[in-house]
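Working notes, structure below.
The values are calculated or read from the model by the stated rules, or taken from the named source; none is laboratory data. None of the values given here were measured: they were computed from a predicted structure. Virtual Cβ from ideal backbone geometry, glycine too; neighbours counted across all protein chains shown. Areas reflect the complete protein model, heavy atoms only, side chains present, ligands, DNA and RNA absent. Shrake-Rupley method; radii C 1.70, N 1.55, O 1.52, S 1.80 Å.
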Amino acid sequence: MTFRIGLGYDSHRFTPDRPLVLGGVTIPHAQGLAGHSDADAVAHALTDAILGAAGLGDIGAHFPPADPAWKDADSIRLLELAHDRVRESGWQMRQADITVVAESPRIGPHARAMAGRLAAATGAAAASISVKGKTNEGMGWIGRGEGIAVIAIASLEPLR
Ligand code: MG
């Protein structure tokens, strides 16, 4: 069977004056993430993974950060639009595995809700989307709580 695999990475810095949105879920936390859009690093990493798998470049090419249209944008909507372009090229997302690297907050309690929103945006089954959390064992910029990094891998199958 023919399939494609793509890898996405994203990171954002914590900032005190915004809500924390990850995977389309607003998570109670003292800090949010800085960025032009809602800074949803989970949605951004997955968007890059599906665009990469389809050979369609990256999120910045499709949704330029300089474009005022994407200011404070709902990144789940960007993921939906990116997946529309993936479909137009003959593919659809089948499965994804996502790791969020952050000292806090804990990701596990929100993983299922995130998978549900990511599934709704891509048409994949929620059970085929895995969201996991890891700390960085106190090391480096993540360990100091300066921000969050996300790694996502996604597979595409031919559009039926
Ligand atoms: Mg980003």
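Miscellaneous remarks
- The chain, accessible surface, carbon-and-sulfur percent (1.4 angstrom probe): 54
- Efficiency of FRET between Arg160 and Ser104 - r from beta-carbon atoms, R0 41 angstrom, step 0.05: 0.50
- Taken one residue at a time, the phi angles of the stretch 86-96 give Karplus couplings (6.51, -1.76, 1.60, θ = phi - 60°) of 4, 4, 4, 8, x, 10, 9, 6, 9, 7, 8 Hz. Gly and Pro are set to x.
- Think of it as helices only: each DSSP H run of n ≥ 4 in the chain is worth -39500 (n - 2.57), and spread over all residues that comes to -8500 deg cm²/dmol at 222 nm.
- For the stretch 28-160, the share of DSSP beta bridges that are antiparallel, to the nearest 5, is 60%.
- Under-5 Å amide H pairs with His12, H placed in peptide plane, nonlocal only: Ile148
- Annotation: extensible slack from Arg85 through Met139 equals 15.6 nm (criterion: 0.36 nm per residue apart, minus Cα-Cα distance).
- Cα point-scatterer Debye curve for the chain, base-10 log of I(q)/I(0) at q = 0.11, 0.13, 0.14 Å⁻¹: -0.39, -0.54, -0.63
- The gain in end-to-end length when the Arg18 to Asp74 segment is fully stretched comes to 18.8 nm, 0.36 nm per residue minus the alpha carbon separation.
- Across the stretch 114-119, computed HN-Hα scalar couplings (Karplus, 6.51 cos²θ - 1.76 cosθ + 1.60, θ = phi - 60°) run 4, 4, x, 6, 5, 5 Hz from first to last residue, x flagging Gly and Pro.
- Under the convention that each Lys and Arg Cβ holds +1 and each Asp and Glu Cβ holds -1, the size of the dipole of the chain around its Cα centre is about 400 debye.
- Sorted from greatest to least, the principal axis extents spanned by the alpha carbons of the stretch 11-59 come out as 37, 17, 13 Å.
- In order along the stretch 49-59, the phi-based Karplus estimate (6.51 cos²θ - 1.76 cosθ + 1.60, θ = phi - 60°) of 3J(HN,Hα) comes to 5, 6, 5, x, 4, 8, x, 10, x, 9, 4 Hz; Gly and Pro are listed as x.
- Taking amide H as placed 1.01 Å from N in the peptide plane, the amide H of Leu22 sits under 5 Å from that of Ile27, each at least 5 places away or on another chain.
- Per residue accessible area of the stretch 13-123, 1.4 Å probe, in Å²: 43
- Kirkwood hydrodynamic radius (C-alpha pairs) into Stokes-Einstein, the stretch 75-160, 37 °C and 0.692 mPa s, D in µm²/s: 237
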